[in-house]
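Peer 1: So that we are looking at the same thing, I have put the structure below in structure tokens.
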Number of protein chains: 2
Amino acid sequence: MNVAELILKKRDGFALVGSEIAFLISGYTAGRIPDYQMAAFCMAVFHRGMNAEETLFLTRAMLESGSVLDFSSLPGLKLDKHSTGGVGDKTSLVIAPLVAAAGAYVPMISGRGLGFTGGTLDKLETIPGFEVQLPLSRFRAVVEQVGCAMIGQTDEIAPADRKLYALRDVTATVESIPLICASIMSKKLAEGLDGLVLDVKTGAGAFMPSLQQASDLAQSLVDIGNGLGTQTVALITDMNQPLGRAVGNALEVQEAIQTLKGSGPQDVALLCEKLSARMLSLDVTATEFNRARTSIAEAIGSGRALEKFAQMVEAQGGDPRVIDNPALLPRAALQEVIESKSEGFVLGVNARAVGRASMALGAGRERVDASIDPSVGILLNKKIGDHVEKGEPLCTVFYNQAARLESVRSQLLEAFVINANRVEPPPLIKGVVE
Amino acid sequence: MNVAELILKKRDGFALVGSEIAFLISGYTAGRIPDYQMAAFCMAVFHRGMNAEETLFLTRAMLESGSVLDFSSLPGLKLDKHSTGGVGDKTSLVIAPLVAAAGAYVPMISGRGLGFTGGTLDKLETIPGFEVQLPLSRFRAVVEQVGCAMIGQTDEIAPADRKLYALRDVTATVESIPLICASIMSKKLAEGLDGLVLDVKTGAGAFMPSLQQASDLAQSLVDIGNGLGTQTVALITDMNQPLGRAVGNALEVQEAIQTLKGSGPQDVALLCEKLSARMLSLDVTATEFNRARTSIAEAIGSGRALEKFAQMVEAQGGDPRVIDNPALLPRAALQEVIESKSEGFVLGVNARAVGRASMALGAGRERVDASIDPSVGILLNKKIGDHVEKGEPLCTVFYNQAARLESVRSQLLEAFVINANRVEPPPLIKGVVE
């Protein structure tokens with residue numbers, strides 16, 4: 001096969017067959033196909049897209065570029081959840097121990113990602129001592145012992161994706177649905193799962209703002225998962241306002257711990273419950289789903305989920321005392337309360353604007369090689385539907401660099417839309433794709 | 001400036017400004033911008049195009065990546081011609097000495113190109129001893145002494161184009177109008193010309209089959225030339241049937257010499273005359289054009305054009321005895337006459353089919369690093385409008401590898417369309433763009 005001819009075929013809008021896609025991915029991973037040809041190919045895919053079959057073959061080729069974990073010796077379901085990312089989304093930190101407490105195994109391999117805050121790994125790393133780069137043997141041992149473990153991508157898992165993502169990041173080819181789907185699913189399916197639940201965000205703060213776009217993305221991801229033999233379901237959930245009240249890495253860890261204690265914000269608790277119950281009842285009936293919800297509620301209520309979290313933290317080298325002493329987490333030096341300039345009901349808290357403010361404080365990264373400030377962030381005092389008095393706090397900014405405060409203050413003031421009339425909070429779950 | 005952001009800007013269909021294009025090209029030429037980013041950029045340009053202003057800036061940036069020759073000390077016009085390429089186009093070999101014999105200077109820098117036969121350089125190299133890779137100082141000396149010289153692209157001329165073309169060749173980004181225009185014009189304008197005439201081919205054997213496409217390409221090239229200060233005109237000429245009767249490198253050199261002797265095929269002679277006269281009268285009136293035609297006719301009739309050719313061949317190390325002794329040129333070992341299967345008038349000689357046959361014989365190259373067979377080719381006995389008897393020769397194949405003959409024979413038989421009714425030869429010049 002000739003690489004330039006395959007690029008040309010895609011450039012001109014034709015679909016590649018499985019063997020052609022496998023040739024490209026295996027050749028690229030092995031270094032036989034140079035970066036410049038793969039960059040041109042990715043840009044051609046950006047413009048021409050890939051059909052469902054091509055995307056499936058691409059995912060399979062990337063999955064098969066590395067190891068696929070085998071947890072079949074463990075007695076119980078191997079489950080995971082993946083979110084397309086939003087502002088204030090700390091559900092992974094809650095769900096992994098929660099589902100493990102309910103009796104399943106959660107071998108979660110996460111990314112750092114680009115975005116308004118750090119990724120799950122960045123959040124975990126705010127816990128003193130917590131190690132996210134475990135070798136696979138150690139990862140396996142923690143999963144076996146605790147029931148859940150959370151690590152970063154390793155060299156063994158989908159090396160094609162690592163290499164391709166680094167290339168896409170510098171060639172403006174990140175925002176391509178088939179490439180995104182293959183990247184997400186090749187890593188998740190390498191975990192050797194029985195089932196996967198996807199949380200596809202929609203709204204102002206999501207990668208896919210419109211419900212239609214989010215549904216299309218969800219369908220594509222679900223089709224890949226099921227097509228490659230892992231039972232997969234997607235929930236489409238609201239990301240118009242941030243999830244929960246905490247935005248920022250250490251702040252979100254605190255909120256996740258509160259949720260495991262049963263005292264987290266209502267939306268975080270609800271979403272964690274729904275996603276976890278789905279994970280536990282993927283191939284079964286509504287009755288089973290309700291039974292799963294009960295066992296999830298019990299896992300929280302009994303303290304077993306929190307205990308799993310403590311065990312995981314300890315098993316991965318972290319200090320479990322953070323659970324009862326948040327002062328052990330990184331803390332920003334300065335705080336500033338943003339007060340409402342008017343009285344009324346909160347009509348909107350623009351998740352994108354809050355995300356940008358979080359980024360401006362240093363909580364997120366724009367480039368894969370950037371560092372983040374784990375301590376900074378925003379705590380929302382008000383969310384959609386809340387009543388607010390003039391002068392009452394809308395949110396609190398946790399920051400270290402005074403120079404950044406002024407622009408962040410105006411961004412946050414603009415993020416809150418206050419309305420004279422009473423407002424109902426929006427539904428959190430907007431759809432299910434399976 | 002951030003390279004990935006510039007790629008993204010073009011990817012999303014926005015126009016780049018001059019400083020952004022200059023940043024990309026100078027950075028790429030200097031090795032600061034890697035191949036993979038430029039490959040993604042080229043694929044984005046393929047899909048999104050460039051407007052006239054961007055194409056002008058791109059050409060200027062590529063031109064300024066290297067030296068621009070300065071022949072201002074020479075007394076007379078510095079002129080050149082460029083063809084977009086077709087089957088049997090050997091006019092450069094005729095026009096350079098012809099225009100030099102008429103008193104102007106022709107510093108012609110040519111390419112090898114991909115195509116049905118080799119490029120001008122490959123044809124010249126069939127002359128024993130002829131050197132096409134002269135250093136610029138030697139090139140300048142030949143131009144000064146003889147009036148014309150023909151060499152290949154050097155490292156000093158538009159190095160950005162050399163580097164970019166090699167990249168485009170392996171990333172399926174050759175067929176982009178703005179990239180093609182900038183590539184052609186950056187090299188031609190580096191010759192330090194007063195005027196440039198473009199021969200844009202249209203028809204079955206041309207890169208741009210339709211007249212509209214050819215006109216658009218011509219307009220884009222003419223706008224760049226004039227926009228960067230070199231008077232530029234394009235003729236749009238027919239390439240439905242091959243030009244002249246010879247297709248193949250050494251065969252075409254013989255036909256060029258015949259044309260310089262005044263005994264070439266009518267279409268080759270006419271096109272050379274029209275293009276040469278245009279070159280000599282670029283900024284003047286129709287009267288001047290007719291005067292230029294007269295001096296062109298005199299240059300042929302007097303033998304001075306042929307003499308210039310001989311001088312150029314000698315100055316570039318070649319054996320000028322080829323002029324009177326074609327046996328000194330490479331000759332194919334075998335010949336085969338293809339006879340007509342019916343009687344009538346030739347309605348068409350499909351230039352693309354003849355070109356493919358020429359390629360199959362080994363006269364052209366599909367990849368920049370391929371070698372060509374200088375001796376093989378096809379001589380057309382019949383062209384559009386000619387009467388042909390059943391069994392009369394349509395063309396003669398000159399070949400070295402018997403294995404290739406059968407497919408070539410059927411390609412050539414299909415290339416000729418014979419019709420019962422009388423047919424008029426098509427007009428050679430289809431339009432002028434200035």
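Peer 1: List the residues whose amide H sits under 5 Å from the amide H of B:Gly348, counting only those 5 or more places along or on another chain, with H placed 1.01 Å from N in the peptide plane.
Peer 2: B:Val417
Peer 1: Considering only DSSP beta bridges whose two residues both sit in the protein assembly as shown, what percent are antiparallel, to the nearest 5?
Peer 2: 55
Peer 1: Here is a further query. In whole Hz and in residue order, list the ³J(HN,Hα) couplings for the stretch A:186-202 that follow from phi through the Karplus curve 6.51 cos²θ - 1.76 cosθ + 1.60, θ = phi - 60°; x for Gly and Pro.
Peer 2: Each residue's phi maps through the Karplus curve to give 5, 6, 5, 6, 6, 7, x, 8, 8, x, 9, 10, 9, 10, 9, 7, 9 Hz.
Peer 1: Can you tell me the length gained on complete extension of the stretch A:Ser342 to A:Thr294, counting 0.36 nm per residue apart and subtracting the Cα distance?
Peer 2: Using 0.36 nm per residue and subtracting the Cα-Cα distance, I get 13.1 nm.
Peer 1: Of B:Gly27, B:Ala402, B:Leu243, which is farthest towards the positive pole of the protein assembly as shown's charge dipole, taken about the Cα centre with +1 and -1 on the beta-carbons of Lys, Arg and Asp, Glu respectively?
Peer 2: B:Leu243
Peer 1: Can you tally the net charge around A:Ser26? Count Lys and Arg as +1, Asp and Glu as -1, for every other residue whose Cβ sits under 14 Å from the Cβ of A:Ser26.
Peer 2: With Lys, Arg at +1 and Asp, Glu at -1, the neighbours total 0.
Peer 1: Per-residue HN-Hα couplings for the stretch B:138-152, Karplus 6.51 cos²θ - 1.76 cosθ + 1.60 at θ = phi - 60°, whole Hz, x for Gly and Pro?
Peer 2: Per residue, the Karplus-derived 3J(HN,Hα) values read 6, 4, 4, 5, 5, 4, 5, 7, 9, x, 8, 8, 9, 10, x Hz.
Peer 1: Something else now. For B:Gly115, enumerate residues with amide H under 5 Å from its amide H, sequence gap 5+ or separate chain, H modeled in the peptide plane.
Peer 2: Under 5 Å from the amide H of B:Gly115: B:Arg365.
Peer 1: I would also like to ask the following. At q = 0.28 Å⁻¹, what log₁₀ I(q)/I(0) does the stretch A:1-67 have when each alpha carbon counts as one equal point scatterer in the Debye sum?
Peer 2: Summing over Cα pairs of the stretch A:1-67 leads to -1.44.
Peer 1: So for B:Val417, A:Val376, what's the accessible-area order with a 1.4 Å probe, most first?
Peer 2: B:Val417, A:Val376
Peer 1: Something else now. Roughly how many debye, to the nearest 20, is the charge dipole of the protein assembly as shown about its Cα centre, given +1 on each Lys and Arg Cβ, -1 on each Asp and Glu Cβ, and no other charges?
Peer 2: So the dipole magnitude of the protein assembly as shown works out to roughly 160 debye.
Peer 1: Taking θ = phi - 60°, what integer Hz values does the Karplus form 6.51 cos²θ - 1.76 cosθ + 1.60 yield along the stretch B:177-183, in sequence order, with x for Gly and Pro?
Peer 2: 4, x, 5, 5, 4, 5, 5
Peer 1: Let me check the size of the stretch B:188-304 from its C-alpha atoms; what are the radius of gyration and Dmax in Å?
Peer 2: For the stretch B:188-304, the Cα-based Rg and Dmax read 15.3, 40 Å.
Peer 1: Would you look at the GNM of chain B, springs on alpha carbons closer than 10 Å, and say which of B:Glu191, B:Glu389, B:Glu53 moves the most?
Peer 2: B:Glu389
Peer 1: Give the Rg/Rh ratio for chain A, taking Rg as the radius of gyration of the Cα atoms and Rh as the Kirkwood radius, to two decimals.
Peer 2: On the Cα set of chain A, Rg over Rh gives 0.97.
Peer 1: Now for a different question. Counting only Cα atoms, I'd like the Rg/Rh figure for the stretch A:131-262, Kirkwood definition for Rh.
Peer 2: Using Cα coordinates only, the ratio equals 0.98.
Peer 1: Answer with one residue from A:Leu217, A:Ser72, B:Phe71: the one whose Cα lies farthest towards the positive end of the charge dipole of the protein assembly as shown, charges on Cβ with Lys, Arg +1 and Asp, Glu -1.
Peer 2: With unit charges placed on the Cβ atoms, the residue in question is A:Leu217.
Peer 1: Now a separate question. Return the calculated 222 nm mean residue ellipticity for chain B, to the nearest 500 deg cm²/dmol, obtained by summing -39500 (n - 2.57) across DSSP H runs with n ≥ 4 and dividing by the residue count.
Peer 2: -13500 deg cm²/dmol
Peer 1: Once the Cα atoms of helix A:91-101 and of chain A are each reduced to a long axis, what angle between those two axes, in degrees from 0 to 90 to the nearest 10, is obtained?
Peer 2: 80
Peer 1: Now a separate question. Take the stretch A:62-198, drop everything but the C-alpha atoms, weight them equally and run the Debye formula without solvent; then report log10 I(q)/I(0) at 0.10, 0.11, 0.13, 0.14 Å⁻¹ to two decimals.
Peer 2: Debye curve over Cα of the stretch A:62-198, log10 I(q)/I(0) at q = 0.10, 0.11, 0.13, 0.14 Å⁻¹: -0.31, -0.38, -0.54, -0.63.
Peer 1: Okay, next question. Mind putting a number on the dipole of the stretch B:128-264 about its Cα centre? Charges go on the C-beta only, +1 for Lys and Arg and -1 for Asp and Glu, and I need it in Debye to the nearest 20.
Peer 2: Values: 10 positive and 15 negative charges, 32 e Å.
About 160 debye.
Peer 1: Between B:Glu339 and residues 5 or more places away or on another chain, which pairs have amide H atoms under 5 Å apart, with H built 1.01 Å from N, and which residues are they?
Peer 2: Amide H neighbours of B:Glu339, under 5 Å, 5+ apart: B:Leu394.
Peer 1: Follow-up question, since we're still on this one. Dipole of chain A, Cα-centred, from +1 at each Lys and Arg C-beta and -1 at each Asp and Glu C-beta, to the nearest 20 debye?
Peer 2: 280
Peer 1: Based on the Cα atoms of the protein assembly as shown, what semi-axes does the equivalent ellipsoid have, where each is the square root of 5 times one gyration tensor eigenvalue, given in whole Å with the largest first? Let's see the in-between values first.
Peer 2: Numbers: eigenvalues 979, 175, 99 Å².
They are 70, 30, 22 Å, listed from largest to smallest.
Peer 1: If you don't mind, there's one more thing I want to ask. Connecting C-alpha atoms closer than 10 Å in a GNM of chain B, tell me which of B:Asn400, B:Asn421, B:Asn240 has the biggest fluctuation.
Peer 2: Between B:Asn400, B:Asn421, B:Asn240, it is B:Asn421 that shows the largest mean-square fluctuation.
The values are calculated or read from the model by the stated rules, or taken from the named source; none is laboratory data. Because the structure is a prediction, the values reported are computed rather than measured. Positions of Cβ are generated from backbone atoms using ideal geometry, with glycine treated the same way; all protein chains shown enter the neighbour counts. Only protein heavy atoms, including side chains, enter the accessible area calculation; ligands, DNA and RNA are left aside. Shrake-Rupley method; radii C 1.70, N 1.55, O 1.52, S 1.80 Å.
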